Amino acid sequence: MSGQLRRSWVARLILLGASAFLARTALSQIQFPALAAPPSNTPPDQKCVIQGRVTNMVTGESLKKVLIRLTRRAYHDGYSMTTGSDGTFRFEGVEPGTYSLMGYRTGFVMTEYGAQTANDPGRLLKLSTAQKVTDLNLKLIPQCAILGKVVDQDGDPVANVMISFVRRTWTSGKLQYEQSGVATTDDLGEFRLRELDPGKYYLQAQLQQFVGAPSEVSASGKADMRFVPTFYPEAASFEAATPIQVTAGQEASDIKIRLQTARAYHVRGKVTGSLPEDSLGPLMVSLQPHRDEPGREIMSFGGGPPNIKPDHTFDVAGITPGSYTLVVSNLYGMVHSLASQLVDVGAGDVNDLVIDVIRPGSLNGEIRIEGISPVPSVRPNLAGKQVDLNATSGGLAGHANATIRPDGTFTVNDIAPVKYTFGVSPIPKGTYLASAFLSAQDVLGRELDFSRGVSGHLELVLRYGLAEVDGIVQRASVTDSDDVGSVIPGLAVLIAESPPSQLSGVYVGMIGEAGGFRIEEIPPGRYRAYALEMPNLQALQNPDVVKEIQSRGIDVELKENERKHIQMAMISAHDFRQVLVRVGI
């Protein structure tokens, strides 16, 4: 399976909603490119006909004005049309082959033929010469909505509250939280979240207010109390939250979130070290919650209270108890994080912090390619490619990169004092990152820690020698009530035993109609292989999911340039859904 084909398949999974939280842009705004008809040398009497009706999966009613796309597998060409007033469609003169059939209409999940849930990839249609299929039923899954109200402790409505979805995600086995899907309460405290896929949602409410606003201390001298981010129905943490389960077409109403309050405190300190000149612009102090505490974020910007004062002191008010990373950033031009420090806020003000600023630095290095190219006529050339550093801490640090010179050397400038993953892009075809040393210290698969300043010389070695796995998955075509042969698509997946920090460690290949698959361009190493009828690549980053299916996979160890053949049993869509339920996804 080529890299381009692999990327197309991953894009298809995202497009079809492989996770109910991916691609939260309103579906009504999606623009579908026109399909080009497949090239044809087939006589007219040997072409196929596909005819059917589009219905609402819940009510069974026919649906008009549905965009229908019949797409030839792997070629990205095909046929498209819109259903008539009776919900019917008919494609004539169709080339024999294997196709996906998809329907979309505002208010419904983009659904493929044969899909039972919003996360299913559906079935592929196998059309033989001159076949006529006249009774297909494409069932669209209606979208959902969540309606509710945000109130305070007295039951009074709270306006200007941001409502978002929060979910746990895993990258290379590391737990993170993501927020998406925003609505805001009106003057009655009410909100509406629409165009949702059926599924389980964790809602969080957070009052929007001016960042760095001064403390609200009453005349009686009572403690400063602030609304804090609250999970439905009135929980202070994700773990204590109650999920909202919505089914196809459901409008979950009367959802009430009661905003919680907490005592708020000050974080005070002084910035020292290599402070930038005034010409570099203002500085910002930000307090950012740890990744395991989503949603709490207080920022204060230079130029308004509280800020970094002329004597380099700062005072950030309204900080509720929790663990934070305090970040000092330069706001001139390219935003740089200049310093970061862990801060725990308990039952009182935090005073006398001393934050040492370290100015962005530069890193020199060199890179080379070893091994024998699989295409001897192609000379290895790294000139013009980039070495990329991506920050994993420090808030606004972002990334830094450098273009590789013809002699293989490079210099990465403006590196903020935080931690980074690193890599080469685009990596030359057929190569993998085989070794990495920072001043003779092995850093392959690790982060570069520049939190105390940039130093050292980075040496990178790429090698030819990617491996390949092919094999067979026992599967059979199915015939459903529409009397058309079809096959449920699936993925063969390799999961690295110890993935590098900068990579997911997951490699995939499409399973063909006869059960064959091929996964190409795999770095040498130890893997476990699985065959999944219902692929969910993001879920495979979750170590709990991998542990649940471990007994269903097989071990694969690959050496450089090795070609290995394996056989696997398919993990059915039903079984994989049960795994996700058991781990709480």
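The values are calculated or read from the model by the stated rules, or taken from the named source; none is laboratory data. Every value quoted in this text rests on a predicted model; they were computed, and no experiment measured them. All Cβ positions, glycine included, derive from the backbone under ideal geometry; neighbour counts span all protein chains shown. Surface accessibility is based on the protein's heavy atoms, side chains included, excluding ligands, DNA and RNA. Shrake-Rupley method; radii C 1.70, N 1.55, O 1.52, S 1.80 Å.
Odds and ends about this structure:
- Only a single item in (1) closer than 30 Å to ALA467 by Cβ; (2) at pLDDT below 90 is not met by GLU366, and it is number (2).
- One residue from ALA205, ALA240, ALA262, ALA223 being assigned to a loop (DSSP other than H, G, I, E, B) and either in contact with an Asp or Glu (Cβ under 6 Å, 6 or more places away or on another chain) or modelled with pLDDT of 85 or more (or both): ALA240
- Residue in region 378-386 that is assigned to a strand (DSSP E or B) and open to solvent by 80 Å² or more (accessible area, probe 1.4 Å) present: no
- Look at region 497-524: where a residue is modelled with pLDDT of 80 or more and a partner is open to solvent by 50 Å² or more (accessible area, probe 1.4 Å) and among the polar types (S, T, N, Q), sitting 6+ places away or on another chain with Cβ atoms under 9 Å, you get GLY505/SER498; GLY515/GLN474; GLU520/SER2; GLU521/SER2; PRO524/ASN561.
- A search for C-beta distances below 9 Å between a residue of region 56-82 that is acidic (Asp, Glu) and any residue that is open to solvent by 50 Å² or more (accessible area, probe 1.4 Å), counting only pairs 6+ apart in sequence or on different chains, returns ASP77/ALA36; ASP77/ALA37; ASP77/PRO39.
- Test: ASN413 is part of a strand (DSSP E or B) and touching a Ser or Thr at 6+ places or on another chain (Cβ under 9 Å): yes
- Some residue of region 100-108 being at pLDDT 90 or above, of a type in the set (A, V, I, L, M) and loosely packed, with under 15 Cβ neighbours inside 10 Å: no
- Residues in region 127-167 that are touching a strand residue (DSSP E or B) at 6+ places or on another chain (Cβ under 6 Å), at pLDDT below 95 and among the charged types (D, E, K, R): LYS132, ARG167.
- Condition met for GLY87 (out of contact with any His (no Cβ under 9 Å at 6 or more places or on another chain) and surrounded by 15 or more Cβ atoms within 10 Å (Cβ to Cβ)): yes
- Scope region 542-585; condition part of a loop (DSSP other than H, G, I, E, B) and closer than 23 Å to GLY122 by Cα; matching residues: SER572, ILE585
- Taken together, the residues in region 265-300 that are hydroxyl-bearing (Ser, Thr, Tyr), buried (at least 21 other Cβ atoms within 10 Å of the Cβ) and either at pLDDT 75 or above or on the phi > 0 side of the Ramachandran plot (or both) amount to 2.
- Residue that is nearest to the chain's Cα centre (by Cα), among those in region 526-541 that are assigned to a helix (DSSP H, G or I) and either at positive phi or among the hydrophobic types (A, V, I, L, M, F, W, C) (or both): ALA539
- Filtering region 149-177 to residues that are more than 27 Å from the chain's Cα centre (by Cα) and either basic (Lys, Arg) or crowded, with 20+ Cβ neighbours inside 10 Å (or both) leaves LYS149, VAL150.
- Options ALA440, ALA436; residue that is at pLDDT 90 or above, open to solvent by less than 10 Å² (accessible area, probe 1.4 Å) and over 30 Å from TYR99 (Cα atoms): ALA436
Every residue, every condition in (1) at pLDDT below 95; (2) of a type outside the set (Gly, Ala, Ser); (3) in a strand (DSSP E or B); (4) more than 26 Å from ALA539 (Cα to Cα), yes or no:
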site	(1), (2), (3), (4)
ARG7	yes, yes, no, no
GLY17	yes, no, no, no
ALA23	yes, no, no, no
SER28	yes, no, no, yes
PHE32	yes, yes, no, yes
VAL54	no, yes, yes, yes
THR71	yes, yes, yes, yes
TYR75	yes, yes, no, yes
ARG90	no, yes, yes, yes
